[in-house]
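Trainee: Okay, here's the structure, questions in a sec.
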């Protein structure tokens, strides 16, 4: 079974692009909104004052603490899988500023890590993530939920359908072998979902990445397996997270 190094498996604050093309990733940088000054009472400006929603762009969005509670528990995973404490992170009760970095040439090798969405350089406002590993087989599950403002999550999921166009293959850093990337939509899961499978002749098995949108949240799951490239496990875990988020995201 393919083994993922600790360095490659480190989960980071990750999100997805506002735009992807076959050869380049370009995102519009999001600047923090400055808090407007309160207009004088009774003035014309007061009538046109920003709404509470504009003043509080994160209002109603799940926090990292809430997302952590929505992650699949240890009981979901088969016997032999244990949590890796180094890969458990979340944004707690606070939010972070969304950010976007230009990624003109995607580093496709980042698809080899559990935080494969960092390839885009885009971050949301809150997240939670962890991973479970079977030390005997080296099979792994990594689960993550990222939350975005407004309708960004919808754009994000649409962009995911183009990852295989930008990265049809890459060279695995551990085996120096070619990794083939295949992609297809996953029907009936959340508000839309994609399945991305990675295989190589140098691996005993493969890795599957699944992303699904639930409202303002994007669920991302990685599963590696020697039997079916992790497709079954990744799909099952994604459905579990989607169910947990319904009515909360």
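Trainee: Residues in the stretch 124-158, backbone N under 15 Å from the label point at residue 248 (7 Å along the Cα-to-beta-carbon vector): list them, ranges by number please.
Mentor: Flagged as within label range: 126-130, 143-148.
Trainee: Among rounded, prolate and oblate, which fits the stretch 101-180 when a ≥ b ≥ c are the square roots of the eigenvalues of its C-alpha gyration tensor, a/c under 1.5 means rounded, and a/b larger than b/c means prolate?
Mentor: Taking the square roots of the gyration eigenvalues as a ≥ b ≥ c, the stretch 101-180 is oblate.
Trainee: In nm, to one decimal, how far is the modelled label at residue 83 from the one at residue 107, with both set 7 Å along Cα→Cβ?
Mentor: My value for the distance between the label points is 2.9 nm.
Trainee: Can you put 137, 244 in order of Cβ neighbours within 10 angstrom, beginning with the fewest?
Mentor: 137, 244
Trainee: A further question follows. Among 108, 167, what is the fewest-to-most ranking by other Cβ atoms within 10 Å?
Mentor: Ranked by crowding around the Cβ, least crowded first: 108, 167.
Bear in mind that the values in this text are calculations on the coordinates, not laboratory data. Please read these numbers as outputs of a predicted model, since none were measured by experiment. We place every Cβ from the backbone using ideal geometry, glycine too, and count neighbours over all the protein chains shown.
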